[in-house]
1. Among the residues of segment 140-152, write down those that are surrounded by 17 or more Cβ atoms within 10 Å (Cβ to Cβ) and either in the same structural domain as T57 (by TED's automatic domain parsing) or in a helix (DSSP H, G or I) (or both).
2. Evaluate segment 102-110: report whether one residue or more is among the aliphatic types (A, V, I, L, M) and either closer than 25 Å to R212 by Cβ or not assigned by TED's automatic domain parsing to the domain that holds D29 (or both).
3. Taking segment 188-211 as the search range and keeping residues that are over 22 Å from K163 (Cβ atoms) and not in a strand (DSSP E or B), which one is nearest to the chain's Cα centre (by Cα)?
4. Within segment 54-94, track down each residue that is within 21 Å of Q40 (Cβ to Cβ) and of a type in the set (S, T, Y).
5. Of the residues A23, A12, only one is in a helix (DSSP H, G or I) and out of contact with any Lys or Arg (no Cβ under 8 Å at 6 or more places or on another chain); which?
6. Would you mind telling me which numbered condition in (1) within 22 Å of the chain's Cα centre (by Cα); (2) outside any loop (DSSP other than H, G, I, E, B); (3) more than 25 Å from I281 (Cα to Cα) T134 fails?
7. Within segment 1-27, restricting attention to residues that are surrounded by fewer than 20 Cβ atoms within 10 Å (Cβ to Cβ) and in contact with a strand residue (DSSP E or B) (Cβ under 6 Å, 6 or more places away or on another chain), which residue is farthest from Q279 (Cα to Cα)?
8. Has segment 186-197 got at least one residue that is on the phi > 0 side of the Ramachandran plot and without any contact (Cβ under 8 Å) to a residue 12 or more places away in the chain?
Amino acid sequence: MNKTYDLIIVGAGPTGITASIYAARKGMDSLVLTGDIGGQTAWSGDIENYIGYQFITGTELTAKFEEHMKKYGIEVRENEEITEIRKNDDILISTGKEEYQAKTVIIASGKRSRLLDVPGEDEFRSKGVAYCATCDGPLFAGKDVAIVGGGNSALEAALQMAKIVNQLYVVNNTSELGGDAVVRDKVEAFSNVTVLNNSSVTAISGEAFVERIEVETSGEKKDIAVQGVFVEIGLIPNSEFKSDLKKNAWGEIEVNFRNETNIPGIFAAGDVTNVPEKQIIIAAGEGAKAALGAFRYLAKRK
C-alpha cells in the first residue's frame, strides 16, 4: 500500500464501469478492483432493452463498456476479490493479493445467479440457458421453454414467458408453488403452462443449443424437449467480504437515494444493493449517481 486514491470502485460490471467513467470525468484519481470485466452482462445473451442499441449481445455490450473505460486510462486490476473493507481515517480494502487505501469507495460488486449445478448448465449458458426473463425472454417467442424455480422470481418470469412461448414448463422442487397467491393463480391459469411439482432438473443437453432437459420426479427421470431454460432460483449478492456495512435479510447492502451506506465515504450501487429492479440500464444509472456522490463527499472533505 503506497498511495491513497480519491476513489476505489469494487466491481466492473455496468455499475462499476459507469462509476469509473464519471469519476474520471470529474478528475478523480480512481482504481477499479474486480474479479472480471462485465459482470452478469458479459454472459447475458442477446440484449434488446438497453437504450441506444436495438440489438446487441452481452459480450458486445461488455466490450463497448470496456472500450469506453479504457478511453480514460482508468487503472483496473482484475482478478482482485476483496476480502475485507474497514474505515479508519481513510478506507482500507484488503484482497487476497494486496491492501489498498482510498478516501472514498463505491461497492459495485453486483450479484450472481444461484446456479443449478447440473451437467450442461455451463456448456449451454447463453445458448439456451438464461438467468433473466426480462432481458432474454423475447428471444424465445414461439418456443418451448422451461423455468426452474417456484418462488416469486420464477413466477414473475413465468408470467412474462407464458404470453409469448408455445409451451412453458415450470419445474418446482417442492410440493406446490410458493410466491404470492395472486401471481401463482395467474400463472396456473395459462393453458400453455405445465407445473411440475416435486421435480428437479438433473441435466441439460443438446447439440449447438439447448434441445432438452432431464427432469426427475419422485425418483423417475424423463426427457422434455425445450429450446430454452430459465434458471430462477434466486440471486446471491457479492457482499460476503468482512465489513461493518448494514445489509438486509438477503445480504444486499442498504443504501439511501444518494447511494450512501451506513459508513461515511462508502457508497454502494447496482445489484449488490437493496435498490429494486436488477437491470443493466438501472445498474449503470446507479453507478453514475454513486460516483457523483463520492465526488461531492470528497469536495466537502477537502
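1. Selection gives F140 alone.
2. Applying the first criterion (among the aliphatic types (A, V, I, L, M)) to segment 102-110 yields 102, 105-108.
Now narrow it down to the ones that are either closer than 25 Å to R212 by Cβ or not assigned by TED's automatic domain parsing to the domain that holds D29 (or both): none.
Looking through segment 102-110, none of the residues is among the aliphatic types (A, V, I, L, M) and either closer than 25 Å to R212 by Cβ or not assigned by TED's automatic domain parsing to the domain that holds D29 (or both).
3. So, considering only residues that are over 22 Å from K163 (Cβ atoms) and not in a strand (DSSP E or B), the one nearest to the chain's Cα centre (by Cα) is F209.
4. Within segment 54-94, T57, T59, T62 meet the criteria.
5. Going through A23, A12 in turn, just one is in a helix (DSSP H, G or I) and out of contact with any Lys or Arg (no Cβ under 8 Å at 6 or more places or on another chain): A23.
6. Just one mismatch for T134, condition (3).
7. For segment 1-27, the residue satisfying everything is M1.
8. So in segment 186-197, the residues on the phi > 0 side of the Ramachandran plot come out as none.
Within segment 186-197, none of the residues are on the phi > 0 side of the Ramachandran plot and without any contact (Cβ under 8 Å) to a residue 12 or more places away in the chain.
The values are calculated or read from the model by the stated rules, or taken from the named source; none is laboratory data. If you're wondering where the values come from, they're calculated on a predicted model, not measured in any experiment. In this analysis, Cβ positions are derived from the backbone assuming ideal geometry, glycine residues included, and neighbour counts consider all displayed protein chains.
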